[in-house]
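J.: Got a structure for you, written out below as structure tokens; questions coming shortly.
Computed from the coordinates by the stated procedures, all read-outs in this text should not be read as laboratory data. For clarity, every value in this text was computed on a predicted model and none was experimentally measured. Cβ placement follows ideal geometry from the backbone for every residue including glycine, while neighbour counts extend to all protein chains displayed.
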Amino acid sequence: MNLIFRLIRVLILSWWRPGLSPRDPSVLEFRAWPLDLDINIHMTNSRYFALMDLGRTELILRNGIAKQMFKRKWQPVISGSTMRFKRAIKPFQRFTLKTQALYWDEKGFYLEQRFTAKGKTLALGVVKAVFVGPNGIVSPDEICRLVGTDETSPSMPDWLSGWPDMENAIEARLAV
């Protein structure tokens, strides 16, 4: 199934679903269609990332960030991502994508995006998402304030503590 139809579905369903706070998860159900497959007859790795875009879209629509984003001319940008594939998604298999904020710092939100089926994790992605406005990066604290919540960030999960070092190392390699 072409992603445009999935995007339209996400947009329509987001209007009908209840709102979310910044820490609430977004949950989407999908099925692996033939156009999602690679030559190994399982979902191609690039499709995971494309579906993750839809998960983040649904999350920002339902938690109120999208309204602020359009009003203030912000753009959502992924500044980093990592992915671990555990089990293949087979043709026509149903699966769930859960997108949830893990924590945020002064620049961005760190999100976990988990693909599951029948109680098993199929793949796990972690992304750092930032919003860029006309004056640069918009702080997550400002975003939370503008969507009407005073939530503070949870602590960084211990298992993710190496992320800033990894980002800095990659950033240094970009200059080479």
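J.: Tell me, what ³J(HN,Hα) does each residue in segment 45-56 have, in order and in whole Hz, if you take phi through Karplus 6.51 cos²θ - 1.76 cosθ + 1.60 with θ = phi - 60° and put x for Gly and Pro?
T.: Coupling constants for segment 45-56: 4, 5, 5, 4, 5, 5, 5, 4, 4, 5, x, 5 Hz.
J.: If neighbour count is taken as other Cβ atoms inside 10 Å, put Thr149, Thr57 in order from fewest to most.
T.: On the way: Thr149 14, Thr57 19.
Ascending number of Cβ neighbours within 10 Å: Thr149, Thr57.
J.: Now a separate question. Measure off 7 Å from each Cα along the Cα-to-Cβ vector at Lys86 and Lys67, then give the distance between these two points in nanometres to one decimal.
T.: 3.6 nm
J.: Next up: Short version: ³J(HN,Hα) in whole Hz for each residue of segment 91-102, in order, from phi by Karplus 6.51 cos²θ - 1.76 cosθ + 1.60 (θ = phi - 60°), x for Gly and Pro, what are they?
T.: Along segment 91-102, the couplings run x, 6, 5, 7, 8, 10, 10, 10, 10, 8, 5, 8 Hz.
J.: Same structure again: Contour minus end-to-end for Ile4 and Leu124, with contour as 0.36 nm per residue of separation and end-to-end as the Cα-Cα distance? Before the final figure, lay out each step's value.
T.: Values: separation 120, 0.36 × 120 = 43.20 nm, distance 2.34 nm.
Extending this stretch completely gives an extra 40.9 nm.
J.: 222 nm [θ] for the chain, helices only, -39500 (n - 2.57) per DSSP H run of 4+, per residue, to 500?
T.: Working: 5 runs with 59 residues, N = 176.
Taking each H run of at least 4 residues, the total per residue is -10500 deg cm²/dmol.
J.: Calculate, for Thr116 and Leu174, the FRET efficiency according to 1/(1 + (r/R0)^6) with r their C-beta to C-beta distance and R0 25 Å; round to the nearest 0.05.
T.: Here the calculated transfer efficiency is 0.15.
J.: While we're here: Could you grab the relative contact order for the chain? Cα pairs under 8 Å, six or more apart, rounded to a whole percent.
T.: Across the chain, relative contact order equals 22 percent.
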